[in-house]
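**Q** What follows is a single structure, and I will ask about it in a moment.
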């Protein structure tokens, strides 16, 4: 596999070789940040939050997660407010993402925790590998945290032929 980093190159993660998110979950809980799956009745709140802080396209992807059982998303909350989220099984089967954390809550390990929590949920679904679809700015993060590698020939990947006016 090449180490292509520009464009929308997909990445591959070995799910059988992941660190546990538990130490991060404990560390974040000490800071009053909880990681959990959103409940069905919270769907509109989660989608509105994702659209407000990230994009309409990401909210559309997150919406799909609420059709899966169990819900294939995780949220991070602080004082009953959402501060981060992650999705899997939304864009395509066996795909991780999108993921986002509010600026004031970055560099606390929250993105790492959401990533690991979602990837472990994918492993629980029976996958041995996961695909991170077209990360544009976080390639180094995915390499460092979960040993992700770029997939040769995956540019532009599935994120092509979008409808005019779509907001990703």
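**Q** Checking the conditions here, which among 92, 65, 87 is in contact (Cβ under 8 Å) with a residue 24 or more places away in the chain, surrounded by fewer than 23 Cβ atoms within 10 Å (Cβ to Cβ), under 17 Å from residue 133 (Cα atoms) and under 13 Å from the mean Cα position of the chain (by Cα)?
**A** 92
**Q** One residue is enough: does the range 98-105 have a residue meeting the conditions in contact with a strand residue (DSSP E or B) (Cβ under 8 Å, 6 or more places away or on another chain), in a loop (DSSP other than H, G, I, E, B) and over 22 Å from residue 13 (Cβ atoms)?
**A** yes
**Q** Could you list, in sequence order, all residues of the range 109-137 that are under 24 Å from residue 47 (Cβ atoms), touching a residue at least 12 places away in the same chain (Cβ under 8 Å), out of contact with any strand residue (DSSP E or B) (no Cβ under 7 Å at 6 or more places or on another chain) and not in a helix (DSSP H, G or I)?
**A** Listed by number, the residues that qualify are 125, 134, 136.
**Q** Right, here's the next one. Any chance you could count how many residues in the range 26-39 are in a strand (DSSP E or B) and over 18 Å from residue 106 (Cβ atoms)?
**A** The number of residues fulfilling the criteria is 1.
**Q** Could you please tell me which pairs satisfy a Cβ distance under 8 Å, a separation of 6+ or placement on different chains, a first residue in the range 148-168 that is on the phi > 0 side of the Ramachandran plot and part of a strand (DSSP E or B), and a second residue that is surrounded by 11 or more Cβ atoms within 10 Å (Cβ to Cβ) and at pLDDT below 65?
**A** Short answer, once both residue conditions are applied: none.
**Q** Now for a separate question. Confirm whether residue 83 is closer than 27 Å to residue 140 by Cβ, in a strand (DSSP E or B) and modelled with pLDDT of 95 or more.
**A** In short, yes.
**Q** Answer yes if at least one residue in the range 13-25 is without any contact (Cβ under 8 Å) to a residue 12 or more places away in the chain and either outside any loop (DSSP other than H, G, I, E, B) or farther than 19 Å from residue 116 by Cα (or both), and no otherwise.
**A** Looking through the range 13-25, at least one residue is without any contact (Cβ under 8 Å) to a residue 12 or more places away in the chain and either outside any loop (DSSP other than H, G, I, E, B) or farther than 19 Å from residue 116 by Cα (or both).
**Q** In this structure, is residue 60 within 13 Å of the chain's Cα centre (by Cα), modelled with pLDDT of 95 or more and either closer than 21 Å to residue 20 by Cβ or part of a helix (DSSP H, G or I) (or both)?
**A** No; evaluated as a whole, the condition is false for this residue.
**Q** Do we find that residue 118 is in contact with a helix residue (DSSP H, G or I) (Cβ under 8 Å, 6 or more places away or on another chain) and crowded, with 21+ Cβ neighbours inside 10 Å in this structure? Let's see the steps before the verdict.
**A** Working: in contact with a helix residue (DSSP H, G or I) (Cβ under 8 Å, 6 or more places away or on another chain): no; crowded, with 21+ Cβ neighbours inside 10 Å: yes.
For residue 118, the condition - in contact with a helix residue (DSSP H, G or I) (Cβ under 8 Å, 6 or more places away or on another chain) and crowded, with 21+ Cβ neighbours inside 10 Å - is not met.
**Q** Residue check, residue 10 against (1) at pLDDT 95 or above; (2) in contact with a strand residue (DSSP E or B) (Cβ under 6 Å, 6 or more places away or on another chain); (3) surrounded by 18 or more Cβ atoms within 10 Å (Cβ to Cβ), all met but one. Which one?
**A** Checking residue 10 against (1) at pLDDT 95 or above; (2) in contact with a strand residue (DSSP E or B) (Cβ under 6 Å, 6 or more places away or on another chain); (3) surrounded by 18 or more Cβ atoms within 10 Å (Cβ to Cβ), the one that fails is (1).
The values are calculated or read from the model by the stated rules, or taken from the named source; none is laboratory data. Keep in mind the model is a prediction, meaning the values are calculated, not measured. Note: ideal-geometry Cβ built from the backbone for every residue, glycine included; neighbour counts use all protein chains shown.
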